[in-house]
Structure formats: structure tokens, C-alpha cells
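S.K.: I have a structure I would like to understand better, so I am pasting it below and will then ask my questions one at a time.
Please treat every number below as a calculation from the coordinates, not as lab data. This structure is a prediction, so every number in the text was calculated from the model and none was measured. Because the Cβ atoms are built from the backbone with ideal geometry, glycine has one as well, and the counts that use them run over all protein chains shown.
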Amino acid sequence: MVRIEGAIFLMGAFHMRGNPEERPAHEAIVPSFFMDTTEVTMAAYQKCVEAGACKPTHRQGRFCNIKLEDRDDHPVNCVDLHMAKAYCEHMGKRLPTEREWEFAASGGERRPYSWGDAEPTKENNCYDHPGGSCPVKSFAPGAFGLYDMTGNVWEWTESRFTPYPSRPTADPIERGFRYVYRGGSWSRRFPKWMTTVLRNRYKPQEFSAAIGIRCVKTVEPLSCPEKTKAEGGICVRSEGEPMCEPGHAYDGE
């Protein structure tokens, strides 16, 4: 895992940009946390299955890696949200929130893609790849030294798909709600599906060969960024005014 220092950042798409569900851009505060440098691999997930803590992955899909040969170093896929959560908990970790995921993917700098501004190609990430997923670490790392935050497989978060602003904590997993996954995948063919602000969603029991897992872990005790303080298990602003997108000003609400 890599340690990512807590920060205040502007999350989401600017006015008249991106998709409606990606707006409004809003201030988000994240405490310091650790994040897996790669997506969880098939080999790692299989150890959890052998330990009796994880269920075998689903098989109903042409590109489910459990059905393919020589995929130990590929990301685990065909896992629903419950399976993803069980794996992370078995490892003493948890799934990221949307805030944590977007901050890590964008480097806290509003990068369109984890590596920067250049659009996705088959040379810089696992994108528009007809053979399914790629081995992890097949391409250079992006922000914070993380691999495949853009491309390869989408990654589950434990945040419900609801209108912005985002929430600072994870949500209970319940039927009837949809949960966010992020990052684009090997199956996408257009750059617009790969941006760090893009939100996609599934019900917790749904799965895909294009969705996998990356775990995080909270730094303890809670480590809050400057101008914030710990309160009720989260970091809240203690001084200064909330951030706004350029051309907008804080109105006190």
C-alpha cells in the first residue's frame, strides 16, 4: 500500500462540463489513508477463497478471469460489491469512498486521467482491449505511484450513487440502492468513459468482467489536513471558507 496524505480538494466536474451526476464541483475533505498500489489480483483473491473468507468469483461472462488461463497476475473481476467488501475486510482493510478514490486517482490536482492530461491510448493503459483485462502493472503508474487507476477494471467504492455533494463516510450496503464504481476499464472505447470524475453504478449484487477491487485503510489515529479538525470520526473544516470552482464564490451554505 501507499500512504496518501489527507487534503482538501475540489471534487466533481465544473459547471457545464461532464455529466450531470458529476456536478456540482464541491469541496471534499479526506483524512490520510493507505491505498493498494494495484488492483487485487486473481492470485490474491484465490487465497481468500482458500481461507474460507471469500466466495469464488462469478463465472457468467466471457471474460471472467476465473475461466481463463494464466490470469493469476490479472485483476480479479466478476465480483459483486458484497464479495469486494468481504475480501478487503479479510485483509484488515476496507473499500474506498468515492472521495478517497477520486482524490487518489486525480492526484488531488484535478487530473483528467491518473497520469495527467494526455488522453487514453493502448500504450498508456489497458483500454479498448479486446482480450479482456491486462496484468496489473503493465503500464507506468499514475498519481501517488498507483497503477491502473485509469483503465484495466473499474473499481468498487462503498458509496451510494446519490446526487452530489459527496459524503465523507462509507454507506451501508443494502438492496435497492446502487453503488459507485470508478476508473474506466479495458472494455471502454472512448476517452470520455475513462476520466477521474466519471461516476458509474451497479446494484450490490450485480457484477461484470470489467469491475474489480482495490482496498484502502484508514491512518490511525485519524490524521486530518490543515485547516480541518477531527469531529465525530471525520475531518471537518475548522478555518477558512470552503473551496469553489473558478468564477464562483461561497455563499454561506
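S.K.: What are the residues in the range 209-253 that are under 30 Å from residue 131 (Cβ atoms) and either of a type in the set (Val, Ile, Thr) or out of contact with any Cys (no Cβ under 7 Å at 6 or more places or on another chain) (or both), if any? Break it down into steps so the answer makes sense when it comes.
M.R.: Start the filter on the range 209-253 by keeping residues that are under 30 Å from residue 131 (Cβ atoms), which leaves 209-216.
Scanning the range 209-253 gives 210, 211, 212, 213, 214, 216.
S.K.: What tally of residues in the range 161-201 results from selecting those that are assigned to a loop (DSSP other than H, G, I, E, B) and closer than 12 Å to residue 81 by Cβ?
M.R.: We begin by selecting, within the range 161-201, every residue assigned to a loop (DSSP other than H, G, I, E, B); these are 161-178, 183-190, 194-199.
Applying the additional criterion that residues be closer than 12 Å to residue 81 by Cβ yields 161, 170-175, 177-178.
Here the count works out to 9.
S.K.: Name the pairs: first residue in the range 53-70 and closer than 25 Å to residue 91 by Cα, second residue in a loop (DSSP other than H, G, I, E, B) and of a type in the set (A, V, I, L, M, F, W, C), Cβ to Cβ under 6 Å, at least 6 apart or on different chains?
M.R.: 57/78; 57/79; 58/78; 58/207; 64/78; 64/209
S.K.: What are the residues in the range 17-56 that are of a type in the set (Val, Ile, Thr) and assigned to a loop (DSSP other than H, G, I, E, B), if any?
M.R.: Taking the range 17-56 as the starting set, the residues that turn out to be of a type in the set (Val, Ile, Thr) are 29-30, 37-38, 40-41, 49.
Answer for the range 17-56, where residues must be of a type in the set (Val, Ile, Thr) and assigned to a loop (DSSP other than H, G, I, E, B): 37, 38, 40.
S.K.: Moving to a separate point now. Say whether the condition of being surrounded by fewer than 20 Cβ atoms within 10 Å (Cβ to Cβ), assigned to a helix (DSSP H, G or I) and in contact (Cβ under 8 Å) with a residue 24 or more places away in the chain is met by at least one residue in the range 110-128.
M.R.: no
S.K.: Going through the range 211-223 one residue at a time, which ones are small (Gly, Ala, Ser) and buried (at least 23 other Cβ atoms within 10 Å of the Cβ)?
M.R.: Residues of the range 211-223 that are small (Gly, Ala, Ser), as a first pass: 212, 223.
If the condition is that a residue be small (Gly, Ala, Ser) and buried (at least 23 other Cβ atoms within 10 Å of the Cβ), then 212 is the only one that fits.
S.K.: Return the residue satisfying two criteria in turn: it lies in the range 181-221 and is closer than 12 Å to residue 152 by Cα and aliphatic (A, V, I, L, M), and of such residues it is nearest to the chain's Cα centre (by Cα).
M.R.: 213
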